[in-house]
Amino acid sequence: MERRDKINYYLDLAEIVAQRGTCLRRNYGAVIVKNDEVISTGYVGAPRGRKNCSDLGVCIRQKMKVPRGERYELCRSVHAEANAIISASRDQMLGSTLYLVGKEVSTGAYVRNSNSCSMCKRMIINAGIEKVIVRDDHDHYRVTMVTDWVKDDESLNGTLGY
C-alpha cells in the first residue's frame, strides 16, 4: 500500500472537516498546520447560537440566485477559513499553512477553481499564514503563497479572484 503524501493527508483532513458544514450550496473545510501539527480547523456554518441554513432549509443567496463570489454579506454562514482563524492564536498561525477543500452540496464534486473570497484572503494575510493549499480533486492541489495576495492587491484592480 502506498503511503499518502503529507499535503494530501492534510487536505483529506480538511475534506473531513467540511462534512460538518451546514451550507446548502457549498461546504468547505479548512485546516491550519504549523510545524507538522494541526493548529485549528474550521467549516462553513452560521455563528454560534444562530440557526444554520441546513436547519432552516433555505439559502437566501440561492433563493435570490446570487452568483458564486457575490453578495457574501447576505450569507448566514462564517467561512471555513474564518472559523479556523478565530480558533487559533496569531502566534500559532505565523508562518503556517492553511489547507482548504470545497465540495458542491448538490453533487459532492470538488468546487472548480476554488479559492478564498476577498474577505477571507484579508484575514489570512493578517493572521500571518504563509501559504494556502487548495484541493482541485482527490490527488491534485494548488499552492499559493500569501505574499502573492499582498503584492497582487485585488482590491486595487477590481478582480476579486473567486
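The values are calculated or read from the model by the stated rules, or taken from the named source; none is laboratory data. The structure presented is a predicted model; accordingly, all values stated were derived computationally and were not measured. Cβ sites come from the backbone with ideal geometry, for glycine too, and all protein chains shown count toward neighbours. The area values use the complete protein model at the heavy-atom level, side chains included, leaving out ligands, DNA and RNA. Shrake-Rupley method; radii C 1.70, N 1.55, O 1.52, S 1.80 Å.
Kindly list, by first and then second residue, each pair from a residue in segment 36-52 that is over 18 Å from Ala88 (Cβ atoms) to a residue that is of a type outside the set (A, V, I, L, M) and assigned to a strand (DSSP E or B), limited to pairs with Cβ atoms under 9 Å and residues at least 6 apart or on different chains.
Asn52/Gly45
Within segment 23-32, restricting attention to residues that are open to solvent by 10 Å² or more (accessible area, probe 1.4 Å) and in contact with a Phe, Trp or Tyr (Cβ under 8 Å, 6 or more places away or on another chain), which residue is farthest from Tyr141 (Cα to Cα)?
Checked segment 23-32; the qualifying residue farthest from Tyr141 (Cα to Cα) is Asn27.
Which of the residues that make up segment 116-135 are open to solvent by 10 Å² or more (accessible area, probe 1.4 Å) and among the charged types (D, E, K, R)?
Lys121, Arg122, Glu130, Lys131
On the given criteria, is Cys59 over 26 Å from Val150 (Cβ atoms), buried (at least 23 other Cβ atoms within 10 Å of the Cβ) and of a type outside the set (Asp, Glu)?
Here the answer is no, as Cys59 does not meet what is asked.
Determine, yes or no, whether Lys151 is more than 24 Å from Glu73 (Cβ to Cβ) and modelled with pLDDT under 95.
yes
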